[in-house]
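A short write-up of the structure that comes next.
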Amino acid sequence: MLENNIDDGSTSWSRRKWLKAVGLGGAVGSLAGCLGVEDENGDDEYFVLPAIGNIEQAHFNVWSLDNQLFFETGMLWEELAYFSADESDWYPQFAEDWTFDMDAGTVTFDLRDNLEWHDGTTVTADHAVDHFRLAEVWGDEIWDYATDVHAPEEHTLEFEVDPVAPSLIEHVFLGDMFTRWLYTHPELHREFIERAEDATTDEELSDINEDLANYSIDGDEAIEAGLGNGPVELVEVTDSRIVMEPYDNYPIGWEGDNDMNWAGFEIVDFGDSEADFHQAAIADNIHGFTGDAPGEVRNSMDDHWEIMTGPQEGFQTIQFSPDSHWGEDTEESRALRQALAYMYDPTEYVDIFGEEIMDYPDPNNVTGLNSPMDEEWLGGIVDDFTNYGNSDEGWIQEDLAEEYMEEAGYEREDDQWVDADSGDPLSVEILYPVDFAANVPSYENIVEQFNRFGIEAEGIGEDFTTLQTQIMPEHDFEIAVYTSGPAAPHAVSSYRNTIGDVSAPDTTRWNNQLSEVTVPWPPGDDENDLETVDIDERIEGLNNAQDEDEVNEYVEELGWIYNQWVHGIQTCTEFRLNYVATDKWDWGVEMDDPRIRSEQPWMYLTRTGHLRSTSE
């Protein structure tokens, strides 16, 4: 539970004070005081969420590059299956069953026959074919393996696929929910569907892709067309809020009385920063949000708020530019990165947030995978990897850190590391994102640890977009703190996105784009002779592995390369945090139920009928 007090001298925010403040701002003044509560006619309550994107720019073509409120409006559409990261398993949604027949080279989905578009039209396999045809134009990774898609029956979707290991096919075809919502509308996207069917050249496909990315669907168009096919339908879009209400004929999980007994979802613009919706939570004007919140915010929230920790997915990692001496493929630079891995103490980073928010990494925090994936993919061999942390004496191993600093060509002069030849002090600029204020103290702690160790470090904050899209892709930095780790529940996704040059620049995670690196080889003993190994060759091999033994072999080799070259240093085991109000809502399941440990649990619990209002 979150205690309703402040222990740092900050001023507590009451609902009345918050309403007064936003009323003066004007952005939501007309809404304040009636958010998520019964109106004078006794209508049911809305579940209120803060808008993270810009509602004024919101539109409903999810293929668009500038689509706003992507996560908040996801309940408008249905997905093939729901993935539980904790259980490493999928639950049926639009697809009631699926078959991976590698002998026949097919993947078949048996679809529900009672799912409707919100204009009352039945969703068919032909509509799914249209969606995945546009996904081919878009470059979806499904088409790394699929060769064709068709609908042999009205509610049967079938892909023809290349013969590869079943786990690769299962991962990429079910994948994560964000790329498997069926948001290609049979009428609103008709032009692009027909153009994709007729296209014969790469130039035509490129033109379709560009036009699709720049196409927008406004609120009125979306409402009139019955845009969605999920549990809620769009009923109102203004410059300050979006309203979605239950679609009565939604068939999944709503048996008997187990449907939505509340008015729907209201997405509200509370201001331009995360601090604005934090104050909305303090004032009890929202009922859930995803992300971090500073301690003073958590302490100011009423005790009916609970933190629902989500699965471990990506994690913050200390990254090294290959265009700096910190990230070069040399023995000296490798020794320097290993010294930092031994020096860094993640417990300080975690303690700033609190153990209810984050957890300590595994003892071996340099594998490129998160903790559950370490266990699944490297459990049999990870003890042979170099363990950079959690020694018997404590997490850091400063004696080994100093030994590797000397191997890298540095020596101590008083409390400062200097170049052994020139005597110049070792210094570095460390970049980190400043968009989420709750994270900044932990980033600053990384800078502090460098300085305590004797490396002159300066922390420089950058907005996340600039850091992600300009500075890091151009390698215009020395060291940066950035999200790394798996983008989906398979090691192939993690490694193809974070090391090598196979996916760059079309990657969901930053990597240094080094196709070859020098590490002790073969794997299993860090005393083996150094050898230059081809990362790209192994990632391509993993992408095309024919059986699970081959998959495991490539994963183990790539894990060893990551561990020995030190591509990144994991700062923590990061939980996906969801703040949920329990005063007016019954979540229907235990807070630690693995099925709901997702990015936004209200999405799944709305689909199953578990989320219920207690305001009746």
Mean Cβ-within-10 Å packing, highest first, puts peptides 444-454, 411-421, 91-101 in the order 444-454, 91-101, 411-421
When a/c is below 1.5 the answer is rounded, else prolate if a/b is larger than b/c, else oblate, so apply that to segment 167-246 with a ≥ b ≥ c taken from the square roots of the Cα gyration tensor eigenvalues. oblate
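Per residue, what accessible area does segment 375-464 have, given a 1.4 Å probe and all protein chains present, in Å²? Each step should come with its number before you reach the end.
Values: 4760 Å² over 90 residues.
Here the per-residue accessible area is 53 Å².
Rank-order 522-531, 558-567 by packing density, defined as the average count of other C-beta atoms within 10 Å over each peptide's residues, highest first.
Numbers: 522-531: 11.7, 558-567: 24.9.
The packing order, highest mean first, is 558-567, 522-531.
Taking only protein heavy atoms and a 1.4 Å probe, what accessible area per residue, in Å², does segment 83-198 have with all protein chains in place?
Working: 4640 Å² over 116 residues.
That works out to 40 Å² per residue.
The values are calculated or read from the model by the stated rules, or taken from the named source; none is laboratory data. These figures come from a predicted structure and were not determined experimentally. Methodologically, a virtual Cβ is constructed for each residue, glycine included, from the backbone with ideal geometry; neighbour enumeration extends over all protein chains shown. Protein only, heavy atoms only, side chains kept; ligands, DNA and RNA dropped before computing areas. Shrake-Rupley method; radii C 1.70, N 1.55, O 1.52, S 1.80 Å.
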